[in-house]
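Derivation of every value follows stated rules applied to the coordinates shown; laboratory data play no part. Every value quoted in this text rests on a predicted model; they were computed, and no experiment measured them. Backbone-built Cβ (ideal geometry, glycine too); neighbour counts: all protein chains shown.
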Amino acid sequence: MGNDWSPPLAFLGTAVIFAWQAYRGFRGTALEKMNYKASHAVRESPELTRKANELVARWYTAATVLVLIPVVTLTLLWIFATIAFPSGGFFWGVVVYMCVVPLSVALYPHYRIRRLAPPPAPVS
């Protein structure tokens with residue numbers, strides 16, 4: 001694993017995907033083209049649709065930044081380091097970070113969009 005470029009490239013690929021989703025949120029097309037479990041009320045209401053797209057834009061931008069931090073760090077370490085990196089522990093620490101932190105931030109809008117709809121009116 002000494003000078004392996006696969007972790008930074010994996011982070012960079014993930015950053016591109018997250019940035020694309022953030023772009024869709026900023027453009028206002030995230031709900032139309034993505035498979036979000038949004039209720040009918042959210043898709044019908046312009047205000048709730050705008051709020052859902054805003055959630056996607058903000059949280060995917062944050063996830064993109066969280067993914068780019070290790071890309072820059074790992075790239076600089078591999079370029080300027082004169083020592084070999086620990087093979088197993090360092091690699092798996094990077095993989096765990098990549099799987100837990102940015103993905104949990106990226107999945108948060110899915111959870112929030114499902115809960116955006118107003119509660120149904122009580123039947124009397």
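Largest first, the three principal axis extents of the alpha carbons in region 6-114 are 58, 21, 16 Å in whole numbers.
Around Arg58, with a cut-off of 12 angstrom between Cβ atoms, what is the net charge of the other residues, counting Lys and Arg +1 and Asp and Glu -1?
Working: positive: Lys51, Arg112; negative: Glu54.
With Lys, Arg at +1 and Asp, Glu at -1, the net is +1.
Among Ser39, Ser6, what is the fewest-to-most ranking by other Cβ atoms within 10 Å?
On the way: Ser39 16, Ser6 9.
By the 10 Å Cβ count, ascending, the order reads Ser6, Ser39.
The trypsin sites (Lys or Arg not before Pro) of region 36-72 that meet both conditions, a loop assignment by DSSP and at most 10 other Cβ atoms within 10 Å of the site Cβ, are Lys37.
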